[in-house]
1. In the range 123-148, which residues are over 22 Å from Leu236 (Cα atoms) and either at pLDDT 95 or above or in contact with a Gly (Cβ under 6 Å, 6 or more places away or on another chain) (or both)?
2. Restricting attention to helices (runs of 4 or more DSSP H) lying wholly within the range 20-107, give those where 3 or more residues are closer than 23 Å to Gly191 by Cβ and free of Cβ contacts under 8 Å to residues at least 12 places away in the same chain.
3. Need the failing condition index for Lys68 against (1) surrounded by 20 or more Cβ atoms within 10 Å (Cβ to Cβ); (2) closer than 15 Å to Asn114 by Cβ; (3) of a type outside the set (Gly, Ala, Ser), just the number.
4. Among (1) surrounded by fewer than 19 Cβ atoms within 10 Å (Cβ to Cβ); (2) in a helix (DSSP H, G or I), where does Ile119 come up short?
5. Can you spot a residue in the range 186-203 that is touching a residue at least 12 places away in the same chain (Cβ under 8 Å), in contact with a Cys (Cβ under 8 Å, 6 or more places away or on another chain) and part of a strand (DSSP E or B)?
6. Report yes if Tyr146 is buried (at least 16 other Cβ atoms within 10 Å of the Cβ), farther than 23 Å from Gly20 by Cα and over 21 Å from the mean Cα position of the chain (by Cα), otherwise no.
7. Quick one: count up the residues across the range 264-287 that are in contact with a Pro (Cβ under 9 Å, 6 or more places away or on another chain), surrounded by fewer than 17 Cβ atoms within 10 Å (Cβ to Cβ) and modelled with pLDDT under 85.
8. Test Ile15 against the stated conditions and say whether it is part of a loop (DSSP other than H, G, I, E, B), within 18 Å of the chain's Cα centre (by Cα), of a type in the set (A, V, I, L, M) and closer than 30 Å to Asp207 by Cα.
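The values are calculated or read from the model by the stated rules, or taken from the named source; none is laboratory data. From a predicted model like this one, the values you see are computed outputs, not experimental measurements. Every residue, glycine as well, gets a Cβ built from its backbone with ideal geometry; the counts of neighbours run over all protein chains shown.
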Amino acid sequence: MRVFEDLYNGKRVLITGHTGFKGSWLSTWLLNLGTNVTGYSLDIPTNPSNFKVLNLKNKLEHVTGDVKDLEHLKQVFDDCSPDIVFHLAAQALTRPSYDMPQDTFYTNLVGTVNILECIRQSKTVKSAVIITSDKCYQNVEWIWGYRENDKLGGSDPYSASKACAEIACHSYIKSFFSENNSPGISTVRAGNVIGGGDWATDRVVPDYMRAFFKEENLEIRNPLATRPWQHVLEPLSGYLWLGANLLNGNKRVEGESFNLGPLSDVNRTVEELISEFTKTLGTGNWHVSKEDNKKKKESTLLRLNCDKALNYLNWHAILTFDETVKITAEWYKDYYSSADKDMYDFATEQIKGYTNLARKRCLIWAS
């Protein structure tokens, strides 16, 4: 198979936020595609962490740095001379953004502007995929999916900061990346990813797994909150396919924004998600939190319309809700089967299994 048309083989890729949940999975996938990966991240955000259990520090060029530090970032660009950039580094959680709003805005907005500025001054970057969030939309909790041209906004600092990042990207694209020889830049909006190796605080699946394997009772805040749950490999396939199109000079996708979400029937409530994990793993207990969360409001309903990705990229998600839960549960079961386990080979097999499934379901990027 010529996955992603073999465009990543031998390329130099810079990933910001490579120590995070999505960043570590993206790094693993790129390494399997024969890519020379440099990762730039402030810290390892959780303990345990997917970055550590995949032993990625010994498999790629690991650079410790803050996206708010423009001078250091410029030096890293000069040193690694990337062909393509994936920008994932962020303060990525809604509820903590209430406790540290300034840092959330500064990291998510100024950090993104610094990346764009480094790309503007780079002599090697051919394309970049800037990852924001599905929460960048002004969410009025309507029942249909948000489209890429719907109003940006956000009541909480995290969502608002991601909307700001989208606006900054649009400005840079129009101001500096509109010439024929300019790097191709696009943004992607995806959220609520689940999968093995996520240990972030204040997230339902990591909280469930910690409680399940400690035989504790899980506390959840809002059992009726509905989200477009998707396995982490789904949006990552979209990031990589968009990046491949940008590398290949597809003018139709340059300067565009794309929603990357799951199949419509994968939109389920938190309660349905937990119930499916309980059924898959055979047991599990949970109860609703009595904490007053009104001061830290989170959206109840959020849906994405992904027709644009289907039309422009011939990309769509492939996993059913049951498959998404099953793949995630299998990863955690294997990890918790023994202490200090290196999960790189297991993660690689899951990537290969997902790619084979995508090929069978006629996804163009896997053919």
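1. Lys123, Thr124, Gln138
2. In the range 20-107, there are no helices (runs of 4 or more DSSP H) which contain 3 or more residues that are closer than 23 Å to Gly191 by Cβ and free of Cβ contacts under 8 Å to residues at least 12 places away in the same chain.
3. (1)
4. With respect to (1) surrounded by fewer than 19 Cβ atoms within 10 Å (Cβ to Cβ); (2) in a helix (DSSP H, G or I), Ile119 is out only on (1).
5. yes
6. Here the answer is no, as Tyr146 does not meet what is asked.
7. Total meeting the criteria: 1.
8. No.
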